[in-house]
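First comes the structure, then the notes that go with it.
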Amino acid sequence: MSFKLPKFTPPDFTEEIFVKAPNVKIGEVEKEGVAPKNFFMTSIHPEYFKIKGKWILPTQNSMDCAAVVRDDNTVEVVEFRNLRVGDRVVLGRTADINEGIHKHINGFHSLPKVKRRRSVESSFTKDYNELYELLKYEKENNGHIVWVLGPAVIFDHDTRVALSKLAENGYVNGLLAGNAMATHDLEGGLLQTALGQNIYTQESVLLGHYNHLDLLNEARRAGSTENLLAEGNVKDGFIKTCVEKNIPIVLAGSIRDDGPLPEVYKEGTSALDAMKEQTNKATVIICLATVLHSVATAHLASTYRVQNDEVRPLYMYSVDIAEYAVNKVAISREFVGVKTIVTNVQDFVVNLQRNLA
């Protein structure tokens, strides 16, 4: 089968209800990071705003943000912490046409649909086949495939190899992760262990509990992961491949990080900004084995992008062995444009690599 993007059908703005609707009300930001009273909060769905008689769709959206009207009468969706004094913010609470706001729920046809309670007993064959075709399409049409990974994906020899092959063959365009995922992958390339266990045999090695700290020590001595890799002692791994292929890597730190690696964002809002830069480019997002980063990405990422004056959807996949984890991501996206697969993430990655690369 060949993949085709679903067409987007905009509202018919010649209908009387749209023609007679008022322009949006606007309030100005008086203090940085503080929205005016009665601000409108954006949702997961495409939303139009009537500005000077025209209905305007932002080029992309994001949940729980403010809609800011720019001087050229475009609308930009902005996180509240990024509001600046003088920004003109859309006011309203109902997403009602009578407030000059229209939430367009049925614009896309044949978007991914997910049942609210998928389980390990669900059949995922069709989901895999659709994903293979989608990723081929994105690679051939300059898509931007972003992976959101937890450390479980690299505690296995075949998975690390598969991820590297996917990256080498153009199926990885961005990586969002935490300190642990990158640390243990580099540990595998340097010492052939992850958390002190051999990557292939899973046997614990003598004093293996020191290994990830030794790796972190080496990276911090070198000054950067790139410098560490240049020394030639890290022989393989997904992070090594990403660096060699100039694939952007965003590592968001947490309060409990060891080390961390030099590139880890230690300040939360800076990490969010860096993640947002990748989600703004994304056409497909694949989340594996991390609830925290996956839910954060689900909130940051748009459900659509405007490209060449066409509105196209963004696809999100959430994959985990725990039903709770994938359902949490689906709920965060309000079940819009998201597919969940309940399986071992290592098997998932290897299946993708064998069918794509």
| message | Before I look further, what does the chain give for accessible area per residue, probe 1.4 Å, in whole square angstrom? | response | 48 Å²
| Using a ≥ b ≥ c from the Cα gyration tensor of the range 1-94 (square roots of the eigenvalues), is it rounded, prolate or oblate, where a/c under 1.5 gives rounded and otherwise the larger of a/b and b/c decides, a/b for prolate? | oblate
| Over all Cα pairs of the chain, how is the pair count split among 10 Å bins, expressed in % and running from 0 up to the last occupied bin? | 5, 23, 30, 23, 13, 5, 1, 0
| message | Restricting to DSSP H runs of at least four residues, report the calculated mean residue ellipticity at 222 nm for the chain, -39500 (n - 2.57) per run over all residues, nearest 500 deg cm²/dmol. | response | -9500 deg cm²/dmol
| Whole-Hz couplings from phi, Karplus 6.51/-1.76/1.60, listed for the range 40-55; x for Gly and Pro | 8, 9, 6, 10, 6, 8, x, 10, 9, 10, 8, 10, 6, x, 10, 8
| field | Counted charge near Thr241, where neighbours are those whose Cβ lies closer than 11 Å (Asp, Glu -1; Lys, Arg +1) | value | 0
| note | Row for the range 267-348, column shape: gyration tensor on C-alpha, a ≥ b ≥ c, rounded if a/c < 1.5 i.e. under 1.5, prolate if a/b over b/c, else oblate; value oblate
| field | Scattering profile of the range 162-205 at q = 0.14, 0.17, 0.34 Å⁻¹ [log10 I(q)/I(0), Debye over alpha-carbon scatterers] | value | -0.40, -0.56, -1.07
| remark: The relative contact order of the range 1-126, taking Cα pairs under 8 Å that sit 6 or more residues apart, comes to a percentage of 32 percent
| task | Please state, as a whole number in µm²/s, the translational diffusion coefficient that the Stokes-Einstein equation yields for the range 173-242 at 20 °C and 1.002 mPa s, with Rh defined as the Kirkwood radius across alpha carbon pairs. | result | 177 µm²/s
| note | Here FRET efficiency (C-beta to C-beta, Lys20 to Tyr137, R₀ 30 Å, nearest 0.05) is 0.15
| note | Links exceeding 18 Å between C-alpha atoms in this model, out of Lys37/Lys103; Lys245/Lys339; Lys136/Lys276; Lys136/Lys165; Lys7/Lys54, come to Lys37/Lys103; Lys245/Lys339; Lys136/Lys276; Lys7/Lys54
| 5 angstrom amide H check on Thr340, placed H, neighbours 5+ away | Ser318
| task | Please state, as a whole number in µm²/s, the translational diffusion coefficient that the Stokes-Einstein equation yields for the range 111-198 at 25 °C and 0.890 mPa s, with Rh defined as the Kirkwood radius across alpha carbon pairs. | result | 163 µm²/s
| Rounded to the nearest 20 Debye, what is the dipole magnitude of the chain about its Cα centre when Lys and Arg each give +1 and Asp and Glu each give -1 at the C-beta? | 960 debye
| query | Once amide H atoms are built 1.01 Å from N in the peptide plane, which residues 5 or more positions from Leu83, or in another chain, come under 5 Å H to H? | reply | Gly33
| query | Once phi is turned into ³J(HN,Hα) by the Karplus curve 6.51 cos²θ - 1.76 cosθ + 1.60 with θ = phi - 60°, what whole-Hz value does each residue of the range 246-263 show in order, with x for glycine and proline? | reply | 6, 7, x, 10, 10, 10, 8, x, 9, 5, 10, 5, 7, x, x, 4, x, 7
| Hey, if you drop one equal point scatterer on each alpha-carbon of the range 58-183 and run the Debye formula without solvent, what base-10 log of I(q)/I(0) do you get at q = 0.10, 0.18, 0.21 Å⁻¹? | -0.58, -1.17, -1.26
| Can you list the HN-Hα couplings for the range 56-72, worked out from phi with the Karplus curve (6.51, -1.76, 1.60; θ = phi - 60°), rounded to whole Hz and with x for Gly and Pro? | 10, 9, x, 5, 7, 10, 6, 6, 6, 10, 9, 9, 10, 8, 8, 5, 8
| task | For the chain, with all protein chains present and a 1.4 Å probe, just round the carbon and sulfur fraction of the accessible area to a whole percent. | result | 48 percent
| Taking the C-alpha atoms of the range 211-314, how large are the radius of gyration and the largest Cα-Cα span, Dmax, in Å? | 16.1, 51
| request: Enumerate the amide H contacts of Gln307 below 5 Å, restricted to partners 5 or more residues apart or on another chain; note that Pro and chain-start residues carry no placed amide H. | output: Arg312
| query | Considering the dipole of the chain built from charges on the beta carbon (Lys and Arg +1, Asp and Glu -1) around the Cα centre, which of Ala180, Val336, Leu149 is farthest to its positive end? | reply | Val336
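The values are calculated or read from the model by the stated rules, or taken from the named source; none is laboratory data. Quick caveat: nothing in here was measured; it's all calculated off a predicted structure. Note that we place each Cβ from the backbone using ideal geometry, even for glycine, and neighbour counts take in every protein chain shown. Ligands, DNA and RNA are stripped out before the accessible areas are found, and what is left, the full protein with its side chains, is counted by its heavy atoms. Shrake-Rupley method; radii C 1.70, N 1.55, O 1.52, S 1.80 Å.
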